[in-house]
Amino acid sequence: MIDIIAESTMKIWDWAALVPIVEGAGGCITDWHGRKLTAESDGTVLACASPSLSREALTALNAPS
């Protein structure tokens, strides 16, 4: 099992079918800023097993380097 996936070059056809599956299982799938994925999304995709894991991952992805 995988609890988190962070991808940076995905196209709509790579993630569109996964949104209802991930969300239906109780997970979250957004861009790296926590925004809902749309056809205009920038290619960053964060899929997490739970909302709490998503919040932690978003904090890490957006932390200053």
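Only the coordinates and a few stated rules stand behind these numbers; no lab work does. Just so we're clear, the structure is a prediction, and the values are computed from it rather than from any experiment. In this analysis, Cβ positions are derived from the backbone assuming ideal geometry, glycine residues included, and neighbour counts consider all displayed protein chains.
Across the stretch 55-65, in residue order, what do the Karplus-derived ³J(HN,Hα) couplings come to in whole Hz, using 6.51 cos²θ - 1.76 cosθ + 1.60 with θ = phi - 60° and x for Gly and Pro?
4, 5, 5, 4, 4, 5, 5, 9, 6, x, 8
Can you put 1, 10 in order of Cβ neighbours within 10 angstrom, beginning with the fewest?
1, 10
Roughly how many nanometres apart are two label points built 7 Å out from the Cα toward the Cβ at residue 11 and residue 56?
So the label points at residue 11 and residue 56 sit 3.4 nm apart.
Please state the charge dipole magnitude for the stretch 1-62, taken about the Cα centre, from unit charges on C-beta atoms (+1 on K and R, -1 on D and E), reported in debye and rounded to the nearest 20.
Approximately 100 debye in magnitude.
Could you pull out the trypsin sites (Lys or Arg not before Pro) across the chain that fall in loop regions by DSSP (anything but H, G, I, E, B) with no more than 14 other Cβ atoms inside 10 Å?
Answer in residue order: 11, 35, 36.
Plugging the Kirkwood radius over Cα pairs into Stokes-Einstein for the chain, at a temperature of 4 °C and a viscosity of 1.567 mPa s, what D comes out in µm²/s?
In µm²/s, the coefficient is 110.
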